[in-house]
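Here's the structure we're looking at; comments come further down.
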Amino acid sequence: MSPPPPETLARESRIQVPYAWSAGATLTRFLKGLRDSGRIEATRCPACAKAYVPPRRTCGICFADCAEWLAVGPQGTLLSFTQAAYDSPAHPRPRPCFGLIRLDGADTALLHLLGDFQPGELEAGRRVEAVFAEARSGSVLDIRHFRPVRP
Amino acid sequence: MEPIVVAGAGQTEFRADRVEDTFADLVYEAAQAALADAGLSIADIDNVVTASNDFWDGRTISSMAIGDAAGAAFGDGKPVSTVEGDGLFAAVYGMSRILSGAYRTTLVVAHSKGSEGRSELITNAFFDPITERPIGLDAVSAGGLQARAFLDRWKPGADDCARVVVKNRGFGARNPKAHRREPVTADEALRSALVAEPLREADVCPVSDGAAAVVLAREDFARGRCPRPVRVRGVGFCADAPMTQRPLWESAALREAGRAAYRRAGVIEPSREIDAAEVSEQFSFQELLWRQELSLAVPERVNRSGGCLSAHAWIAAGLARLVEASLLLRGEGPNPIEARTALAHGQYGLCGQSHCVWVLGR
């Protein structure tokens, strides 16, 4: 039998730095829309007409200001989805289902949670809608998740 | 213009937990291996470029914590700077410094020790802190989203991804530097546990500890000094939009990076002219996608090292591809093949946002 490996010491710690990332004027309007009126707002690039949600102040492709606002969703189309089958301290709920959703009227996709669905109900192209949280705080999680649209 | 060569290449063994080595120790080991391979000493090195990421290292200015280990303090000290990103991009920077005419040689080193942090938290921090991070995604679940988009779009055969796993893990089983050294069968791959559907355990690269290094040099400097140089024929790199603003089933950035590298290298028909390729597949389906975008036709000529499915240290992965591609051109490596032209590919960002392609020749 080989001898056990020599002990190696480790210092255990964690980096604890509080941050307060300013949402800036553009995302503040978006987050207030979620919080106060359950509206999902996008910005539009004047040059390429692309509607960004979450809204962006500038269009990187055209290097131009996105000054126009428009309402998008709350329904959209599921582009892709997955479920994490592992635990992570970053998960807002156990074994979360993630979706990539193109809201009606938007040209970019929103990353969000999926919920209230039956097994096998999710597929690319499925119509989904935003379910808003009852208590809202001006966070992207003011949308609790997206669920399939049912007739 | 004097051509540039990869004058020497080195890497550590990649393992789940290199507990006896600090991350600086790994940098030193890879740097010394590359110098020895080049037949040079640290005194021959004009400047140093390192690749690191503060989140993986768990400290800010982590680049300065490895400067000594990369030889930057030797003698009067060497010009050193750092790329935050995959090490293959750091190699582009290192090559550019030689092309400037100011230097003859650059030592490039990249490292990470995934075992020391929590990869699901570190890669969650890849996302926008306000609009995305609270959702809880990380690199693996984002890979699940891209995997489904790819499979839905191209509808490859049921076991095409498993075939990538079997091939790369088979090659990796013969690579003494690899983290995963057990071959797997298609059946085992298809039955491994779901991680982020449709991704299963076997489809996902490990999070390894390790480092890779190359010595780049002007060819006229390497001649007569370095025993086994390989020539850099062309390099290209390109960044794409974030994963929410582009189709995930294709990669315009990789096509562009490949096109630029092929043009500079004079490669007209990559499917015929690239004899061996090392691509950075974090997931089995990504190898299918990267092969498609790079027009690489023969699977057995791709990732003969075992690829990232066999060993994947973040930041070092792309530079390790350059090491392995150089070895293949020299007729070395764990699974040698007759090759006159080889390709190395690196990626950085979520779902392959940016890409770097090197074409090398004998």
Report task. For the stretch B:28-148, list log₁₀ I(q)/I(0) at each q in 0.14 Å⁻¹, using the Debye formula over Cα point scatterers of equal strength and ignoring solvent, two decimals each. Result -> -0.68
Query raised in the report: Chains A and B: how much accessible area gets covered up at their contact, both sides added, probe 1.4 Å, in Å² to the nearest hundred?
Result: 2900 Å²
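Take the Cα pairs of the protein assembly as shown, get the Kirkwood Rh, then feed it into Stokes-Einstein at 20 °C and 1.002 mPa s and tell me D in µm²/s.
Rounded to a whole number, D works out at 90 µm²/s.
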Query - Nearby lysines by direct alpha-carbon distance to B:LYS155 (threshold 26 angstrom, same-chain neighbours under 8 apart not counted) - result: B:LYS167
Report summary line: Taking a crude spin-label model, label points 7 Å out from Cα along the C-beta direction, the B:SER115 to B:SER41 distance in nm is 3.3 nm
Report summary line: Diffing the stretch A:36-43: the Karplus 3J(HN,Hα) column from phi (6.51, -1.76, 1.60, θ = phi - 60°), in whole Hz with x for Gly and Pro, holds 8, 9, x, 9, 10, 10, 10, 10
Query raised in the report: According to a simple spin-label model (label point 7 Å from Cα along Cα-to-Cβ), what is the distance in nm between B:GLN245 and A:LEU9?
Result: 4.9 nm
Report task. Using a 1.4 Å probe over the heavy atoms of the protein chains, calculate the carbon and sulfur portion of the accessible area of chain A as a whole percent. Result -> 51 percent
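Name the GluC sites (Glu not before Pro) in the stretch B:1-33 that are in a loop by DSSP and that have at most 15 other C-beta atoms within 10 Å, would you? Mind dumping the intermediate values first?
Details: sites: B:GLU13, B:GLU20, B:GLU29; in loops: B:GLU13, B:GLU20.
Those satisfying the criteria are B:GLU20.
Report, to the nearest whole %, how much of the accessible area of chain B belongs to carbon and sulfur atoms, 1.4 Å probe, protein only.
The nonpolar share, carbon plus sulfur, comes to 51 percent.
Normalising by the residue count of the stretch B:2-76, find the relative contact order in percent from Cα pairs under 8 Å and 6+ residues apart.
Value for the stretch B:2-76: 34 percent.
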Report task. Send over a whole-number figure in Å² for the accessible area per residue of chain B, probe 1.4 Å. Result -> 35 Å²
Query - Residue-span extension gain [B:ASP68 to B:LEU99] - 0.36 nm each, minus C-alpha spacing - result: 8.7 nm
Report task. Based on alpha-carbon positions alone, could you give the equivalent ellipsoid semi-axes of chain B from the gyration tensor, as √(5λ), descending, whole Å? Result -> 30, 23, 19
Query raised in the report: At a Förster radius of 51 Å, what calculated FRET efficiency corresponds to the Cβ-Cβ distance of A:ASP36 and B:GLU338, to the nearest 0.05?
Result: 0.15
Query raised in the report: What trypsin sites (Lys or Arg not before Pro) in the stretch A:1-85 are in a loop by DSSP, with at most 13 other Cβ atoms within 10 Å of the Cβ?
Result: A:ARG11, A:ARG14, A:ARG57
Query raised in the report: Among the DSSP beta bridges whose two residues both lie in chain A, what percent are antiparallel, rounded to the nearest 5?
Result: 95 percent
**Report entry** ³J(HN,Hα) computed for each position of the stretch A:76-92 - Karplus, 6.51 cos²θ - 1.76 cosθ + 1.60, integer Hz, glycine/proline x
**Finding:** x, 10, 6, 8, 7, 7, 7, 10, 6, 9, 9, 8, 8, x, 7, 6, x
Query - Given charges at beta-carbon only (K, R positive; D, E negative), |dipole| of the protein assembly as shown in Debye - result: 960 debye
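Regarding the stretch B:186-266, what's the average projected area of the Cα-atom convex hull, expressed in nm²?
That works out to 9.5 nm², a quarter of the Cα hull's surface.
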**Report entry** Interface residues, the stretch A:82-99 - accessible area loss of 50 Å² or more versus chain alone, probe 1.4 Å
**Finding:** A:THR82, A:TYR86, A:PRO89, A:ALA90, A:PHE98
Requested in this report: Could you pull out the longest piece of chain A with no exposed loop chymotrypsin sites (Phe, Trp or Tyr not before Pro) in it, calling a site exposed if DSSP puts it outside H, G, I, E, B and it has at most 13 other Cβ atoms within 10 Å?
Outcome: A:64-151
Query raised in the report: What per residue convex hull volume, in Å³, do the alpha-carbon atoms of the stretch B:1-92 yield?
Result: 116 Å³
Query raised in the report: So for the protein assembly as shown, taking the charge dipole from beta-carbon charges (+1 Lys/Arg, -1 Asp/Glu), which of B:GLY101, B:GLY331, B:GLY77 sits furthest toward the positive end?
Result: B:GLY101
Query raised in the report: Accessible area, 1.4 Å probe, largest first: how do B:GLU201, B:GLU332, A:GLU121 sort?
Result: B:GLU201, B:GLU332, A:GLU121
**Report entry** Alpha carbon centroid spacing (whole Å) that separates the stretch B:1-16 from the stretch B:206-279
**Finding:** 13 Å
Query - Alpha-carbon centroids, the stretch A:1-58 and the stretch B:138-162: separation in whole Å - result: 25 Å
Query raised in the report: B:GLN32 to A:SER2: FRET efficiency via 1/(1 + (r/R0)^6), r the Cβ-Cβ distance, R0 22 Å, to the nearest 0.05?
Result: 0.25
**Report entry** Local net charge near B:ALA313, Cβ-Cβ under 14 Å (Lys/Arg +1, Asp/Glu -1)
**Finding:** -4
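By the scheme Lys and Arg +1, Asp and Glu -1, what is the net charge of all other residues having a beta-carbon under 15 Å from that of B:PRO270?
+3
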Report task. Could you tell me whether the stretch B:269-334 comes out rounded, prolate or oblate from its Cα gyration tensor? Rule is a ≥ b ≥ c as square roots of the eigenvalues, rounded for a/c under 1.5, then prolate if a/b exceeds b/c, otherwise oblate. Result -> oblate
Requested in this report: Take the alpha carbon gyration tensor of the stretch B:101-244, find the square roots of its eigenvalues, order them as a ≥ b ≥ c, and report rounded if a/c is under 1.5; if not, report prolate when a/b exceeds b/c, else oblate.
Outcome: prolate
Report task. Would you mind counting up the charge near B:GLU256? Only other residues with Cβ under 10 Å from its Cβ, with Lys and Arg at +1 and Asp and Glu at -1. Result -> 0
Query raised in the report: How many nm separate the modelled label positions at B:ALA158 and A:ILE61, each set 7 Å beyond the Cα in the direction of the Cβ?
Result: 3.8 nm
Query raised in the report: Given a cut-off of under 8 Å on Cα pairs at least six residues apart, what relative contact order in percent is computed for the stretch B:82-175?
Result: 14 percent
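The values are calculated or read from the model by the stated rules, or taken from the named source; none is laboratory data. Note that the coordinates shown come from a computational prediction; the quantities given were computed from them, not determined experimentally. Please note: Cβ atoms are built from the backbone with ideal geometry, for glycine as well, and neighbour counts cover all protein chains shown. SASA here: full protein model, heavy atoms, side chains in, ligands and nucleic acids out. Shrake-Rupley method; radii C 1.70, N 1.55, O 1.52, S 1.80 Å.
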